[in-house]
Amino acid sequence: MDGKKNSKKVFVAMSGGVDSSVTAACLVEQGYEVTGVMLKLWKANPTADNSEEPESKAREVARMLGIPFKVVDAREIFHQKIVNYFLESHRNGITPNPCFVCNAHIKWGLLLDYVLEAGGEYLATGHYARVKSDENGFFELWQGIDPQKDQSYVLAGLSQHQLAQAFLPLGDITKSQTRDIARRYGFNFQEVKESQDLCFLSGWDQNRFLKKYSPDLFVPGEIVTVEGQVIGTHIGLANYTIGQRKGIGSGYKEPLYVLKKNDSTNQIIVGTKKDLGQTKVLLRDIHWVSGEEPSLPASFQVKIRYKANPVSATLSKTEANECDMIFNQVVRDPTPGQYAVFYHGEQVIGSGVISN
């Protein structure tokens, strides 16, 4: 942070939160020509009490830093690409990951296109991850150095083109250092627990949202054991997740867990704890960060969801853009619709959607 003038034009995706605000501050301090930009996204409850608060906070930070601030209306495309994907996934009995899809198609899709058309050269965000380039000119995605905040998982769908335009300055610092920088700049952010809710729910819980926008998901159906015995009635597939124990009912000789949701029969398949583990899943829509498929089969460390601990697994090609993923140990609750992300050490190699 030497304060020297840098001619590179960087747009910072600002959310009104501490991470994106510090990202903008760091780049200004490094001498880049910085513009703040905020995506205006579709909300289930746009009249919520705090609906205007993020934009007002982002505008205030931009004013303090002396940088331009722009708003991009992405409500229509966000609804088409993300909200509809979320609803359709639930209708198909799978568990969506809208944040993963949003990063690839909205932030580094629509927003990056806007940045480049506006004369910007790079899009910066407050994600805790790192982008490096190798000796061959390929761009690599690496975990952030703060293991508690690493967000490389949700960026594993980015392409070489997108990574080439990505600035992720927080990947090299910890969250506590980010807070220190925010205090140094006088940013007034209260120490609050970070929300894990989806942004478009805008304060609603998921069931309320789904009941309003997809009431067909709440049709009762059968609860069936792996042996085919009907043991009860569920209240709609959307109310259950793979591995869930609560809410299935009682009276069976052992605790039961959700193993599968069958949207074609509107049934939930349940089993005991011994039925939970899997050693093999099918992946579809494989994405390699380098743009080139490595020699397969190959072994990786794999995260089957954002907060999962990595496990060792081998990927083997089956057919076009599909792979078998064979774990070296029994793994609980690989969930159809979620993304498996492959690592070599701290480097992200690729990702794929869990299919079964």
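The values are calculated or read from the model by the stated rules, or taken from the named source; none is laboratory data. Remember, it's a predicted structure, so these values are computed and weren't measured experimentally. Every residue, glycine among them, receives a Cβ derived from its backbone with ideal geometry; neighbour counts consider all protein chains shown.
Name the pairs: first residue in region 202-228 and more than 18 Å from T95 (Cα to Cα), second residue assigned to a helix (DSSP H, G or I) and aliphatic (A, V, I, L, M), Cβ to Cβ under 9 Å, at least 6 apart or on different chains?
G221/L237
Check whether at least one residue in region 58-79 is crowded, with 20+ Cβ neighbours inside 10 Å, within 20 Å of A156 (Cβ to Cβ) and assigned by TED's automatic domain parsing to the domain that holds N188, and report yes or no.
no
How many residues does region 287-307 contain that are small (G, A, S) and either farther than 17 Å from L158 by Cα or assigned to a strand (DSSP E or B) (or both)?
Total meeting the criteria: 3.
With the requirement that a residue be surrounded by fewer than 17 Cβ atoms within 10 Å (Cβ to Cβ) and on the phi < 0 side of the Ramachandran plot, what does region 261-270 give you?
Scanning region 261-270 gives N262, D263, S264, T265.
For N328, indicate whether it is within 30 Å of G232 (Cα to Cα), of a type outside the set (F, W, Y), surrounded by fewer than 17 Cβ atoms within 10 Å (Cβ to Cβ) and not assigned by TED's automatic domain parsing to the domain that holds G157. Please lay out each step first, then the result.
Working: within 30 Å of G232 (Cα to Cα): no; of a type outside the set (F, W, Y): yes; surrounded by fewer than 17 Cβ atoms within 10 Å (Cβ to Cβ): yes; not assigned by TED's automatic domain parsing to the domain that holds G157: yes.
No, not satisfied.
How about region 117-149: which of its residues are aliphatic (A, V, I, L, M), over 19 Å from S21 (Cβ atoms) and buried (at least 18 other Cβ atoms within 10 Å of the Cβ)?
To start, the set of residues in region 117-149 that are aliphatic (A, V, I, L, M) comprises 118, 123-124, 129, 131, 141, 145.
Retained after the next criterion (residues that are over 19 Å from S21 (Cβ atoms)): 118, 131, 141, 145.
The answer is V131, L141.
Just name the residue that is farthest from L41 (Cα to Cα) out of those in region 12-27 that are among the hydroxyl-bearing types (S, T, Y) and not in a loop (DSSP other than H, G, I, E, B).
Residue satisfying both the conditions and the ranking: T23.
Check off (1) in a loop (DSSP other than H, G, I, E, B); (2) touching a helix residue (DSSP H, G or I) at 6+ places or on another chain (Cβ under 6 Å); (3) buried (at least 19 other Cβ atoms within 10 Å of the Cβ) for W108 and give me the number that stays unchecked.
Every listed condition holds for W108 apart from (1).
Could you list, in sequence order, the residues of region 212-221 that are buried (at least 16 other Cβ atoms within 10 Å of the Cβ) and either in a helix (DSSP H, G or I) or out of contact with any helix residue (DSSP H, G or I) (no Cβ under 8 Å at 6 or more places or on another chain) (or both)?
L217, the sole residue that qualifies.
Would you confirm whether any residue within region 330-338 is modelled with pLDDT of 95 or more and assigned to a strand (DSSP E or B)?
No; the residues of region 330-338 include none that is modelled with pLDDT of 95 or more and assigned to a strand (DSSP E or B).
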